[in-house]
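*Asks:* Here's a structure for you.
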């Protein structure tokens with residue numbers, strides 16, 4: 001996963017020019033709002049005890065909503081290349097958080113956002129980033145709100161800075177297109193289960209401390225439901241895994257709740273037979289990557305499916 005992210009950054013980041021950000025060519029601007037002189041409440045911390053710390057910044061306010069046609073990429077894969085570009089363009093990251101660690105529902109609705117369908121925010125999977133720099137014409141502030149559905153990623157950019165006569169575009173979409181490496185299909189799931197007896201449901205996303213599964217469609221769950229329908233005499237165990245944040249007992253309970261939420265989704269939405277399914281949790285005892293990096297922790301927050309019996 002780390003290797004694939006490095007490739008994405010190399011393709012996406014590009015050279016820093018007059019504009020701030022270079023998006024992939026499969027990104028499209030959905031909506032733009034420009035306020036020549038206004039103020040913006042820039043979130044500076046998590047929602048806690050009924051309030052969210054903000055800094056009021058003033059200047060020319062530009063908000064854009066972008067849609068990136070890349071199913072199954074995580075919010076980290078969307079935001080990481082943008083973060084690198086900002087740093088290369090002399091921005092300083094002053095606040096960053098993800099989903100439950102931001103404050104979940106309350107934080108998301110405390111942030112000024114453009115309306116759907118142009119900007120879609122999945123309550124169970126979003127990231128926020130705030131940055132600042134001192135430019136030639138004065139201080140500038142920029143925030144990113146990133147989320148995803150099963151079909152695409154969504155990025156809202158809010159830029160506040162001094163108005164200048166020769167305003168350059170905030171974003172261009174000229175970098176190579178980004179796609180998910182290895183889209184999930186029934187053939188992929190079936191081959192992995194037949195060959196190794198297990199498969200990771202890679203398009204599911206769980207944030208630290210949360211068992212909440214987003215409401216969008218998941219290709220891996222449809223593929224697994226189709227597999228179980230094809231082999232009605234087979235049973236599988238859904239095994240939840242966490243990163244290493246927190247104690248073992250709590251993580252085992254959390255991982256089992258994650259697996260149980262996947263089981264219920266398979267039965268309720270995808271028509272799987274409950275008798276073919278069971279849910280278990282391993283906590284952080286079976287990592288697939290290091291817990292010392294955010295990439296590794298995200299890889300470890302997963303649900304795996306394991307064949308437990310067959311008719312053969």
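The values are calculated or read from the model by the stated rules, or taken from the named source; none is laboratory data. Quick caveat, the model's predicted, so the values are computed rather than measured. Don't worry about glycine lacking a Cβ; one is built from the backbone with ideal geometry, like all the others, and counts go over all protein chains shown.
*Asks:* Spot the failing condition for residue 78; the list is (1) part of a helix (DSSP H, G or I); (2) surrounded by fewer than 16 Cβ atoms within 10 Å (Cβ to Cβ), and only one is missed.
*Replies:* Here residue 78 clears every test but (2).
*Asks:* So which strands (runs of 3 or more DSSP E) are wholly in the stretch 95-175 and hold at least 2 residues that are modelled with pLDDT under 85?
*Replies:* Per the criteria, 171-175.
*Asks:* Specify the residue that is nearest to the chain's Cα centre (by Cα); the eligible residues are those in the stretch 81-93 that are closer than 30 Å to residue 50 by Cβ and surrounded by fewer than 16 Cβ atoms within 10 Å (Cβ to Cβ).
*Replies:* 93
*Asks:* Okay, moving on. Sort through 198, 210, 220, 181 and tell me the only one that's farther than 24 Å from residue 66 by Cα and modelled with pLDDT under 80.
*Replies:* Testing whether each residue is farther than 24 Å from residue 66 by Cα and modelled with pLDDT under 80 leaves just 210.
*Asks:* While we're here: Which pairs turn up if I take residues in the stretch 128-139 that are assigned by TED's automatic domain parsing to the domain that holds residue 103 and look for partners that are not in a strand (DSSP E or B) with beta carbon separation below 6 Å, at least 6 apart in sequence or on another chain?
*Replies:* 128/102; 131/86; 131/91; 133/90; 133/91; 137/162; 137/164; 138/162
*Asks:* Would you call residue 293 touching a helix residue (DSSP H, G or I) at 6+ places or on another chain (Cβ under 9 Å) and surrounded by 18 or more Cβ atoms within 10 Å (Cβ to Cβ)?
*Replies:* No: the conditions fail for residue 293.
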